[in-house]
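Right, one structure below, let's go through it.
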Amino acid sequence: LTRIAVFASGRGSNFRSLARAAAADDFPGRIELLLSDRKDAGALAIAAEFGIPSAVVEDGKPRGRLSPASEASLLAACREAGAEWICLAGFMRILGAGFLGAYPDRVVNIHPSLLPSFPGLDAQGQAFAHGVKVSGCTVHLVDAGVDTGPIVMQRAVGAEGARSADELAARILAVEHELYPAALRRLLEEPWERRGRRIVFTRNTEVGP
Ligand code: GAR
């Protein structure tokens, strides 16, 4: 089983969906560790519920880039847990080249928009304010930019009739909870290649008669 560490800053509903999926007998990975940058993160209680070890690495400020020292602590914890893949689940921090270099193409994130539209903070609010008719969510590999890495899977979510950004966010979140475990399973169990910024699941490239 592939060993996974999940990073979460907040509520942790995506972490819960990953933990639930990973508890299935046929899931190709196991969550070894939950790391948070906030000691008040709801994700910590979820880790306890699932019997997943957790740790908090507090950084000076609540958002943005991590200090080199915090990043080194996170990396050390991942290595100690033997983590091979890292899943960001509502982790509101930017990982630097030091961390990403240790896990090349092995850090995954979920973002609540159809990237490259609406990267960064409050993607659902940005989409609602823009008046989109369709939004969605994206699972992507993490690179040095903010929400710019190669796309693994996306799902569209209708935005018509949503009366607020919160209503749109709730619609998207329900789909995030399906997409993230599905995308992670696919990355771990199907053959794939990275061609430039394109992720190609090679089993599906044959076109039938
Ligand atoms: C989710 O909507 C996730 O896509 C988003 O934060 C929320 C976390 O909720 N992530 C980002 O915006 C990352 N840029 P959760 O803590 O309940 O999983």
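The values are calculated or read from the model by the stated rules, or taken from the named source; none is laboratory data. Bear in mind the structure is a predicted one, so any value in this text is a computation, not a measurement. Glycine gets a Cβ as well: all are built from the backbone with ideal geometry, and neighbour counts include every protein chain shown. Ligands, DNA and RNA are stripped out before the accessible areas are found, and what is left, the full protein with its side chains, is counted by its heavy atoms. Shrake-Rupley method; radii C 1.70, N 1.55, O 1.52, S 1.80 Å.
At-a-glance table
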item: Shape category assigned to the chain from the gyration tensor of Cα positions, a/c cut at 1.5; result: rounded
item: R0 of 30 Å, Cβ-Cβ distance Ser164-Glu190: FRET efficiency to nearest 0.05; result: 0.20
item: His130-Leu1 pseudo-label distance in nm [points 7 Å out on the Cα-to-Cβ vector]; result: 3.9
item: Accessible surface of the range 72-209 [probe 1.4 Å, protein heavy atoms]: carbon and sulfur percent; result: 53
item: Sparse-neighbour loop sites [GluC sites (Glu not before Pro); the range 1-104; at most 15 other C-beta within 10 Å; DSSP]; result: Glu58
item: Gain on full stretching of the segment that runs from Ile94 to Lys39 - 0.36 nm per residue minus C-alpha separation; result: 18.0 nm
item: Percent antiparallel among DSSP beta bridges (both partners in the chain, rounded to 5); result: 45
item: Charged-residue dipole, Cβ positions (Lys, Arg, Asp, Glu), the chain about Cα centre, Debye nearest 20; result: 280
item: For the range 54-100 versus the range 15-35, the gap between their alpha-carbon centres in whole angstrom; result: 19
item: GNM result for the chain, Cα springs below 10 Å: residue of Ala47, Ala123, Ala23 fluctuating most strongly; result: Ala23
item: DSSP-loop GluC sites (Glu not before Pro) across the range 159-209, with at most 13 other Cβ within 10 angstrom; result: Glu160, Glu206
item: FRET efficiency, 1/(1 + (r/R0)^6) with R0 35 Å, evaluated for Asp26 and Arg63 via beta carbons; result: 0.40
item: Cα-projected label distance for Thr148 with Glu178, points at 7 Å along beta-carbon direction, nm; result: 3.2
item: The chain, accessible area per residue, ligands and nucleic acids excluded (1.4 Å, Å²); result: 48
